[in-house]
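Each remark here refers to the structure printed beneath this line.
Where a number appears in this text, it was derived from the coordinates with a stated rule and is not lab data. Not measured: the values here are computed from a predicted model. Glycine gets a Cβ as well: all are built from the backbone with ideal geometry, and neighbour counts include every protein chain shown.
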2 protein chains.
Amino acid sequence: MKIGLECIPCFARQAFEAVSLVTDDQKIRERIVRQVLFRLANVSFDNTPPSIGRDIHRVVRLLSGNSDPYLEIKKDSNTLALKLMPSLKELIRSSADPFETAVRLAIAGNIIDCGQGDHVGEEKIQKTVSQCLDQPVSKDNINELKEEIGKASNILYLGDNAGEVFFDRLLIEELQGRPITFVVRGAPTINDALTEDARMAGLDKLVRVVDNGSDVPGTILEECSPEFKRQFMEADLVIVKGQGNYETLSDEHKKIFFLLKVKCPVIAEHIGCQEGDMVIINRG
Amino acid sequence: MKIGLECIPCFARQAFEAVSLVTDDQKIRERIVRQVLFRLANVSFDNTPPSIGRDIHRVVRLLSGNSDPYLEIKKDSNTLALKLMPSLKELIRSSADPFETAVRLAIAGNIIDCGQGDHVGEEKIQKTVSQCLDQPVSKDNINELKEEIGKASNILYLGDNAGEVFFDRLLIEELQGRPITFVVRGAPTINDALTEDARMAGLDKLVRVVDNGSDVPGTILEECSPEFKRQFMEADLVIVKGQGNYETLSDEHKKIFFLLKVKCPVIAEHIGCQEGDMVIINRG
């Protein structure tokens, strides 16, 4: 999925928010924002949004000297998500269909996305969680996902953000014994989950955790490590979380289920849904 | 008041919205947005926001060949405001303090501002009107404004947007007989009011209407016509509507009352209030 013209103001906003995190020095902030604007002025509209996002956040990290601007935010998200786990586990345990509830919660967790605006706090997460059980989601796609998971012998689960990985754990706990490999980014980019975030969520105790070798806030296969590319090729089912992964993998010919919370009008139009929707897309 | 770094994403959004109005040709839209981004990348942070806004909207008009991109929106705003007038006049007529009510409505009308986002429709205007009578506004400043209007022998009233001019007329009707000159922009810029908008509101039947000779969405005195500069010098009271005029005149040493609806966090911080507030500022 390629960027649209309407992505440009959003990228400018992302750059502003990122520089506000890395330094109070107005001169450095200005220098970074100018550099980002030059890149946006020359941008190719053949790129995917995460490709541009990667470029922007590389500029921020390089010119600020801060290798992980969202580190504190990621820690906060993990702490917050950890706090919510007991009540969410109880929600799954007591529900009529624990698998469906776990899927819905995994999608709800995708609200923790700093690419889409300010730091997502407890109130917004709680609201998303409380809405997620009643929001319309394709029951057919949930059933198909369950069926495919049952059949698959090699499942790749592409995570998205810190904090959200705890919600992914809820779903992965429901799939105990299934052959799942959980994938995180290879280097810091926005608030995307790294190996340490997956470990904080205890995912390494349940499944194999690998990184994709890339700092793209999505999954551009040709920029991932050879090892990850091989794993992607070999997987017979890929569960994909979030907008950035959708934007970069929506054209792949592969059995993929995309699970995401739609947070931007460009993606909503691409999918054919509304902003705020929870979606499970079966591209297989 | 100078631009802040947080103005940059907002300018990028303005450019995107403006190109969406002028053409469906994606290549022209891209060319304009790239040109705007180059200018933003080189922007001087010593400028006021309306100075940059003027540059951006000049680029849009020049590269699109459309001399007044917001013309239809301005017509719609005028039509909508005209429709609301009977009920608003009745509101003033039946109120305990018609002057205060007219001041409040004049400020409410300032919501019709396309620099701050999408086209402002009937629902938003109605909501703003219904809130404006109860929102906190400095009673002292309302009383001082009334007193100064009573004393002044040469009042300049700087209008802001199309549609809003009808709301200004409500206040000016309450000031029948006072020596008021109503000022509009000298050329199209965003949805700012021009002479024809003031005429549509019937302001030329009540007071003298002049233009300031400039296409800045605000009032940069050195860029206005010599005639307007003289009038500004000679006025002993200036009533100033809207954010753009505030941003460009807040440092003037002059008896000025600013009447505006605060619609952006940068201005809210400069004034020391909250977004959404209605304010009357007495800088005299």
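Just a few scattered comments:
- Placing pseudo-labels 7 Å out from each Cα toward the beta carbon at A:HIS270 and A:ARG199 gives an inter-label distance of 3.2 nm.
- Computed from the C-beta positions of B:LYS27 and A:LYS229, the FRET efficiency with R₀ = 45 Å rounds to 0.80.
- Taking A:ARG39, A:ARG208, B:ARG185 and counting other C-beta atoms within 10 Å, the order from fewest to most: A:ARG208, A:ARG39, B:ARG185
- Between identical copies, the spacing of A:GLU227 label points, each set 7 Å from Cα toward the C-beta atom, reads 7.6 nm from nearest to farthest.
- Charging the Cβ of each Asp and Glu at -1 and of each Lys and Arg at +1, and nothing else, the dipole of chain B about its Cα centre rounds to 320 debye.
- Cα centroid separation - segment A:106-143 against segment A:157-185, whole Å: 15
- Segment A:73-283: C-alpha gyration tensor shape, a/c 1.5 cut-off, then a/b vs b/c: rounded
- Helix B:26-41 and the long axis of chain B differ in direction by around 70°, with both axes built from C-alpha atoms.
- When the Cα positions of A:VAL22, A:VAL36, A:LEU62 are compared along the charge dipole of segment A:7-64, A:LEU62 comes out farthest toward the positive end, with charges on each C-beta of Lys, Arg, Asp and Glu.
- For segment B:232-284 and segment B:1-41, distance of Cα centres in Å: 26
- Charge dipole (the protein assembly as shown, unit charges on Cβ, about Cα centre) - positive-most of A:TYR157, A:GLY53, B:ILE267: A:GLY53
- The ranking of B:ARG29, A:ARG93 by Cβ neighbour count inside 10 Å, starting from the fewest, reads A:ARG93, B:ARG29.
- Global geometry of segment A:7-64, whether rounded, prolate or oblate, following the gyration tensor of its Cα atoms and the 1.5 cut on a/c: prolate
- Using a 7 Å Cα-to-Cβ projection, B:GLY272 label spacings across copies, nm, ascending: 5.6
- Estimated [θ] at 222 nm from DSSP helical runs (n ≥ 4, -39500 (n - 2.57)) normalised by residues in chain B, nearest 500: -16000 deg cm²/dmol
- Cα-based shape type of segment A:35-106, given that a ≥ b ≥ c are square roots of the gyration tensor eigenvalues and the cut on a/c is 1.5: oblate
- Unit charges at the beta carbon, dipole of chain A: most positive-side option, A:PHE167, A:ALA96, A:ASN141: A:PHE167
- The mean sequence separation of alpha-carbon pairs under 8 Å and at least six residues apart, normalised by the residue count of chain B, gives a relative contact order of 20 percent.
- Charge dipole (debye, nearest 20) of segment B:125-284; +1 at Cβ of Lys and Arg, -1 at Cβ of Asp and Glu: 380
- Relative contact order [Cα under 8 Å, 6+ residues apart], segment B:168-284, whole percent: 17
- Contact order for segment B:7-64, expressed relative to its length and based on alpha carbon pairs under 8 Å spaced 6+ residues apart, stands at 48 percent.
- Summing Cβ point charges (Lys, Arg +1; Asp, Glu -1) relative to the Cα centre of segment A:1-120 gives a dipole of roughly 280 debye.
- This ranking places B:TYR246, B:TYR70 by how few other beta-carbon atoms lie within 10 Å of each, fewest first, which gives B:TYR70, B:TYR246.
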